[in-house]
Every structure is written in structure tokens, then in C-alpha cells.
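Accompanying notes for the structure given below.
Every number in this text was worked out from the coordinates using simple rules, so none of it is lab data. Only a predicted model underlies this, so the values are computations on that prediction, with no experimental measurement involved. Every residue, glycine as well, gets a Cβ built from its backbone with ideal geometry; the counts of neighbours run over all protein chains shown.
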Amino acid sequence: MPMSSPFQGRLYPALNEIAEHFGTPFHIYDETGIRETGRQLLEAFRHLEPFREYYAVKALPNLRILEIMQDLGFGFDCSSIPELVLARMAGGRGEAIMFTSNNTTPEEFAAAQTEGGSIINLDDISLVDKLAPFPELVSFRYNPGPRRTGNAIIGNPVESKYGVSHDQIVAAYQMAIERGARRFGLHTMIASNELDHRNIVETTRMILDIAAWVGRSTGIQFEFVNIGGGIGIPYQPEQPAFNLGALADEVEGLFRDFRAANGYQPGLSMECGRFMTGPHGVLVTRAINHKSIYREYIGVDACMSALMRPAMYGAYHHITVPGRNNGTPHHTVDVVGALCENNDKFAVQRTLPQIRESDLVVIHDTGAHGHAMGFNYNGRLQPKELLLKTDGTVELIRREQDLEDYLATQTFDPDQMRPQRLSAGA
Ligand SMILES: *Cc1c(COP(=O)(O)O)cnc(C)c1O
């Protein structure tokens with residue numbers, strides 16, 4: 001089920017009023033739903049002490065949302081300096097921040113090591129000697145390569161740029177020990193939007209096997225293993241929800257087996273982004289044009305600068321038209337924005353209720369990797385973000401971009417030079 005029905009129940013009666021007050025388009029997020037999902041996650045893994053969720057900041061990098069995560073006791077998974085800054089602004093400190101970058105610069109490592117230092121999750125063995133001072137606590141991201149091929153859903157880790165290869169992983173930890181590391185984590189993430197809990201169970205089994213093997217080879221006892229994010233949400237109405245309880249039960253069993261075989265038990269960490277906020281946000285846009293040529297087009301006042309997933313991945317986002325769901329004849333339309341790219345479509349050949357100009361159109365499940373992926377191609381500005389709070393108030397948590405934002409990087413102190421090697425008169 002896209003967009004939980006309690007969220008719909010909270011939002012729809014107030015939607016016209018909200019749209020009139022703030023103006024369309026906007027993403028609106030549901031604080032109550034986010035908190036409930038957070039509590040479900042903590043509840044599911046309550047037997048795995050210590051369990052920690054590091055919310056993947058990239059999914060919804062809004063300060064007010066991160067403050068909710070902080071309030072839930074979550075940490076933050078960051079991969080850039082701006083994400084680190086945001087996580088710290090929300091109250092994330094020291095080891096509550098996991099820095100999982102790749103193709104990292106010295107400046108990024110330096111930023112990750114300031115202010116109490118975050119947990120550095122190294123993406124490659126060559127980065128060991130680019131990290132100075134070497135931290136006491138370090139983690140490596142493991143890439144299983146051909147050991148996990150053949151699974152259509154997971155894709156092919158051999159083609160993935162992330163992580164340390166199987167053949168390098170023991171050496172990576174040995175190098176870390178030589179450079180003074182004394183506390184260790186182990187990370188992997190090989191699935192995205194995974195709806196079948198069994199694939200995450202298999203990933204957990206794999207990473208615990210690697211932890212045992214690295215432990216035998218180096219004497220390391222891991223403080224935590226981190227199975228990454230990647231828990232999926234049902235974007236399509238007929239898709240079943242991810243079975244979090246089954247995942248937790250099976251993962252608990254694997255950790256018990258690990259303890260029996262290795263004499264200790266690491267903590268479990270996760271970096272869920274999509275699962276935490278994806279279903280708890282929608283993009284609200286208004287129908288402004290109806291075009292009838294070879295196909296029927298409903299033009300709305302948002303475009304792919306507000307939500308790129310359909311254009312980028314061909315992703316399905318469910319659409320509803322509040323107040324038009326019953327009785328009216330249905331028609332098959334493309335729901336489009338105004339960007340001069342033909343893939344600027346929120347829906348292609350979708351059967352929807354009859355939509356009239358000025359109707360509100362609700363695009364579901366935009367709470368993760370939605371606004372965050374926004375861009376300004378074609379001079380298309382990004383919309384505002386609102387938060388429907390648990391106390392019933394609606395708060396503007398990010399304003400829309402304006403022309404000044406668009407021009408900001410073109411107004412600065414001029415800087416000119418004449419290259420010496422340029423031939424005179426050129
Ligand atoms: C993107 C990402 C996540 C979050 O992924 P979701 O699919 O949103 O759960 C977590 N960890 C890392 C390292 C990522 O790159």
C-alpha cells in the first residue's frame with residue numbers, strides 16, 4: 001500500500017486549506033508516521049543490543065526531519081561534508097555519525113574527523129594511508145563481488161564501485177591494526193529498495209561469515225556489523241509491505257549462532273533511509289493544463305525537479321486525486337511537468353479519475369530520494385517542504401527556491417587571470 005491510509009486520513013481533510021495557505025507544489029511529510037516507523041524498527045530489533053539505526057541523510061536531508069531522527073535516538077549516515085554539517089546541526093555527535101563515503105577527498109576525511117570524530121567507514125584499502133591521524137575505531141565496506149551474483153534483485157556487485165573486495169578485506173583490517181586501530185566495525189550494502197526480507201537475511205549471513213573469518217585471521221572482535229540500508233517500500237498498490245518482524249527474527253537467530261561459534265556478539269547497525277521516510281511523504285501539485293493530442297496529458301505545476309525517480313529509474317509512484325476518486329469516469333493519461341525533456345512525466349499511461357484543471361494531484365511516497373534529488377535544469381526551481389506535525393499543525397520546513405537562489409552562483413567577486421602560456425594576441 002503506497003502512502004499509509006492513516007497519513008491519508010490526517011492529510012486529505014485539511015489538504016485544500018494547506019494548499020491554499022502555502023501554495024502548490026509542495027512535499028509534505030507526516031511526523032506521526034515517521035515516528036511510528038522509527039519505533040517499529042527499534043521494537044523489531046530490541047533483542048539485538050546494541051542496535052543502532054543511522055538514518056541515511058541523503059534520503060531526506062531536511063534539518064527538521066533529522067531532528068525527529070535524533071529524537072528517536074538514531075544516528076546519521078553521511079557521505080559528504082554538507083551532510084555531516086546537517087547531521088551535526090540536528091544534534092548528531094561523535095560516533096552517532098557514520099561517514100560512509102566513496103571516492104573520498106582528504107578534506108572530507110578531515111571534516112569527518114573533527115568535532116569528536118564520526119565513525120569512518122572506509123570504502124577502499126588504498127584509503128587507509130589517506131587517513132591521518134588513523135582513528136581508533138574504523139569500519140570497512142565489504143563488496144562480495146561474484147559471491148553474490150545470480151540474484152536478479154540485488155544486481156551484480158562485480159560491477160559496483162563500492163567497497164573492499166573479498167581478497168583485500170583481511171589485509172585491510174591488518175593495515176588498520178598496524179596503524180593503531182583498536183575498535184572495529186564491518187559494513188556492507190548490496191541491495192536497494194529490497195522488498196524480500198530473505199535477501200537481507202542472506203546479506204546478514206554473509207557479513208557475519210566475513211566477520212568470523214576476518215576475526216579468525218586477525219584476532220579482531222567486531223563492535224558492530226552494519227548491514228546498510230536498502231529495505232524497500234511498496235510503491236505499487238499490489239506490493240506487500242516489507243516483513244520487518246521476519247527479518248528481525250531471522251537476523252537474531254544468525255547473531256545467536258555467531259555468538260555460539262565465536263564467543264562474542266557484535267552490535268547490529270543499519271542505515272535505512274527509504275524505509276524510514278519514503279511512505280511518509282507526498283508531493284502535492286495542482287493540475288494546470290489538459291492537453292489532448294495523440295495521448296491525453298495532464299499538466300501539473302510540479303516537474304521532475306521536485307521528483308526525479310520516475311524519469312531516472314522509470315519508478316512507479318502511485319497517484320490519487322482527492323475528492324475525485326469515486327463515481328467519475330476514469331481516463332488514461334500521462335501526468336507531466338513543464339521541463340523540456342519528454343521523460344518529465346510523473347505517470348505514463350495511467351488510469352486515473354477524471355482530472356479537471358485546478359484539482360490537487362497527490363503523488364505518493366516521495367519522502368525519500370524525492371526532494372533530495374532535486375535539480376535546476378531548464379531553470380526549474382525546487383518546491384517547498386512542509387511537515388504535518390503530530391500536534392496537527394503544518395510547518396514550512398523549507399521554502400521553495402526563488403530566482404535569487406537560481407542566480408546565487410553567478411553573482412560573486414569577479415576572478416580573472418591571463419594564463420602566461422597563452423600566446424599573445426590569442
Ligand atoms: C543510499 C544509502 C543508504 C540508504 O539507502 P535506502 O535505500 O534509502 O535505505 C544507506 N547507506 C548507504 C551507504 C547508502 O549509500
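Semi-axes of the equivalent ellipsoid of the range 1-73: what are they in whole Å, largest first, if each equals the square root of 5 times a C-alpha gyration tensor eigenvalue?
On the way: eigenvalues 161, 46, 16 Å².
Taking √(5λ) for each Cα gyration eigenvalue gives 28, 15, 9 Å.
Name the most mobile residue of Pro50, Pro25, Pro329, meaning the one with the largest mean-square fluctuation, in a Gaussian network model of the chain with Cα contacts below 10 Å.
Pro329
Which shape class applies to the range 5-163: rounded if a/c is under 1.5, otherwise prolate when a/b exceeds b/c and oblate if not, where a ≥ b ≥ c are the square roots of the Cα gyration tensor eigenvalues?
On the way: a/c = 1.96, a/b = 1.61, b/c = 1.22.
Verdict is prolate for the range 5-163.
So how many Å³ per residue does the convex hull of the Cα atoms of the range 250-330 work out to? Show your work: numbers first, answer last.
Values: hull volume 15.2 nm³, N = 81.
Hull volume normalised by residue count: 188 Å³.
For Lys291, go through the lysines and keep the ones whose alpha-carbon is under 21 Å away, minus same-chain ones fewer than eight residues off.
Lys345
Using the C-alpha gyration tensor of the range 31-277, what are the square roots of 5 times its eigenvalues, in whole angstrom, with the largest one first? Can you show the working numbers first?
Details: eigenvalues 129, 103, 59 Å².
Ellipsoid half-lengths, sorted descending, are 25, 23, 17 Å.
Based on the alpha-carbon gyration tensor of the range 283-357 and its eigenvalue square roots a ≥ b ≥ c, which shape applies: rounded if a/c is under 1.5, prolate if not and a/b is larger than b/c, or oblate? Before the final figure, lay out the partial values.
Numbers: a/c = 1.64, a/b = 1.46, b/c = 1.13.
Verdict is prolate for the range 283-357.
How much mean residue ellipticity at 222 nm does the chain get from its helices, if each DSSP H run of length 4 or more adds -39500 (n - 2.57) and you divide by all residues, to the nearest 500 deg cm²/dmol? Intermediate values should be presented prior to the final figure.
Details: 11 runs with 126 residues, N = 426.
Helix-only estimate at 222 nm: -9000 deg cm²/dmol.
How big is the charge dipole of the chain about its Cα centre, in debye rounded to the nearest 20, if each Lys and Arg gets +1 on its Cβ and each Asp and Glu gets -1 on its Cβ?
In debye, rounded to 20, the chain gives about 500.
Considering the range 135-269, what Rg and Dmax in Å follow from its alpha-carbon atoms?
15.4, 53
For q = 0.06, 0.10, 0.12, 0.13 Å⁻¹, what log10 I(q)/I(0) does the chain give under the Debye formula with an equal point scatterer on each alpha carbon and no solvent?
-0.29, -0.76, -1.02, -1.14
Would you list which aspartates and glutamates come within 19 Å of Lys389, measuring only between C-alpha atoms, while excluding same-chain residues fewer than 8 positions from it?
Answer for Lys389, where 19 Å is the Cα cut-off: Glu17, Glu20, Asp30, Glu31, Glu36, Glu67, Asp71, Asp365, listed by chain and number.
Using Cα positions and a limit of under 29 Å, work out the lysines in reach of Lys161, with same-chain residues fewer than 8 apart set aside.
Lys58, Lys130
Per residue, how big is the convex hull of the range 248-404 when only Cα atoms are used? Give it in Å³. Let's see the in-between values first.
Working: hull volume 30.3 nm³, N = 157.
So the per-residue Cα hull volume is 193 Å³.
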